[in-house]
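Okay, structure first, notes after.
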Amino acid sequence: MKKGTPTLSSLGRALTLLRVVIEDGGKSNLSSLARKVGLPVATAHRQATSLVEFGFLTPVSGGRHMAGPELLRLLYLIEPKEVIARLAMPAVEALAEDLGTTVHLGSFDGDMVTYRAKAGVSKGGLFTEVGGQLEAYCSGIGKVLLAHLPEDERNAYLANGPFVALTPHTITDPAELAHELDHVRSQGLAFDREEIEERLRCVAVPLFAPDGSVPLALSASFRNLAENDGTLSAAAERLVRAANNIKDELWPKHSSS
């Protein structure tokens with residue numbers, strides 16, 4: 001919204017009502033929800049009637065409402081990971097500029113990492129591209145996403161090993177990779193120590209959704225770092241802060257009072 005552009009208060013109230021009804025999941029009646037968010041009860045009922053008419057809500061017993069068929073139809077038109085990546089892009093670009101390197105945002109799709117966003121530069125360039133895919137077991141982003149899979153899904157992935165060695169540093173043994181993933185999950189970050197390409201290292205952190213799942217991971221890549229270089233550790237701290245900021249922007253906490 002442009003600064004100074006007036007908002008439609010009636011639309012704002014309707015959207016507030018729609019949000020609280022969806023969040024409530026049909027447990028409370030409309031009057032109690034209206035009082036909870038400070039809406040006049042009569043106004044809330046008129047708004048709910050319109051939302052039902054346009055398919056955004058469905059009435060159920062006891063004066064309660066739930067999501068309607070139009071919301072369901074729209075849901076199937078949305079690719080959540082792509083939406084998250086597009087909304088997070090300004091933060092990805094700012095982080096890449098601040099670190100002076102390449103920053104990626106990626107998701108786990110079909111046993112592969114899909115790069116959803118990329119920003120910044122790296123000496124010598126990087127082979128990655130938005131929409132491209134890479135094996136998960138040998139990348140920082142992949143390790144983060146594998147580490148936060150449900151146990152049965154992670155075990156199914158590990159059963160595909162042993163994995164192909166891309167460099168002498170690549171972890172190929174499923175048991176060793178499983179140990180690495182346990183460490184990643186407990187520490188909250190992952191490293192690629194020249195496992196994809198020699199003289200290329202990266203650090204990655206999870207981007208948590210409100211339900212605790214990890215739909216995407218954020219990484220920074222560096223070339224020609226000495227093993228004792230503190231750059232990766234410093235970058236990890238920045239990545240964690242950026243991931244938390246992205247989460248707060250994407251899923252702001254609404255007051256229920």
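For the stretch 132-151, a tally of residues being assigned to a loop (DSSP other than H, G, I, E, B) and polar (S, T, N, Q) returns 1.
So which residues in the stretch 198-234 are touching a residue at least 24 places away in the same chain (Cβ under 8 Å), assigned to a loop (DSSP other than H, G, I, E, B) and either buried (at least 24 other Cβ atoms within 10 Å of the Cβ) or among the aliphatic types (A, V, I, L, M) (or both)? Of everything in the stretch 198-234, those that are touching a residue at least 24 places away in the same chain (Cβ under 8 Å), assigned to a loop (DSSP other than H, G, I, E, B) and either buried (at least 24 other Cβ atoms within 10 Å of the Cβ) or among the aliphatic types (A, V, I, L, M) (or both) turn out to be A209, V214, L225. In the set (1) under 27 Å from E93 (Cα atoms); (2) under 21 Å from the mean Cα position of the chain (by Cα), the condition left unmet by R199 is number (2).
Among all residues of the stretch 72-79, there is at least one that is β-branched (V, I, T) and surrounded by fewer than 12 Cβ atoms within 10 Å (Cβ to Cβ). Here E195, E129, E237, E176 are screened, and the one residue that is assigned to a loop (DSSP other than H, G, I, E, B) and surrounded by fewer than 18 Cβ atoms within 10 Å (Cβ to Cβ) is E129.
If you go through the stretch 26-85 and keep only what is among the aliphatic types (A, V, I, L, M), assigned to a loop (DSSP other than H, G, I, E, B) and out of contact with any helix residue (DSSP H, G or I) (no Cβ under 8 Å at 6 or more places or on another chain), you end up with L77, I78.
Condition check ((1) surrounded by fewer than 19 Cβ atoms within 10 Å (Cβ to Cβ); (2) at pLDDT below 95) across all residues:
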residue: T102; (1), (2): no, yes
residue: V113; (1), (2): no, no
residue: G125; (1), (2): yes, yes
residue: L146; (1), (2): no, no
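From the list A94, A88, the lone residue that is in a helix (DSSP H, G or I), within 16 Å of the chain's Cα centre (by Cα) and surrounded by 13 or more Cβ atoms within 10 Å (Cβ to Cβ) is A88. Every condition in (1) more than 23 Å from the chain's Cα centre (by Cα); (2) within 22 Å of E97 (Cβ to Cβ); (3) not aromatic (F, W, Y) is met by P168 except one, and the failing one is (2).
Could you go through the stretch 179-188 and let me know if any residue there is closer than 25 Å to A119 by Cα, in the same structural domain as V92 (by TED's automatic domain parsing), of a type outside the set (K, R) and modelled with pLDDT of 95 or more. Yes, the conditions are met somewhere in the stretch 179-188. If you go through the stretch 103-115 and keep only what is in a strand (DSSP E or B) and either more than 15 Å from V205 (Cβ to Cβ) or hydrophobic (A, V, I, L, M, F, W, C) (or both), you end up with V103, L105, F108, D109, M112, V113, T114, Y115. The single condition from (1) crowded, with 17+ Cβ neighbours inside 10 Å; (2) modelled with pLDDT under 90; (3) hydroxyl-bearing (S, T, Y) that T58 fails is (2).
The values are calculated or read from the model by the stated rules, or taken from the named source; none is laboratory data. Predicted model, so just to flag it, every value in this text is computed and none were measured. Neighbour counts run over all protein chains shown; Cβ positions are idealised from the backbone, glycine included.
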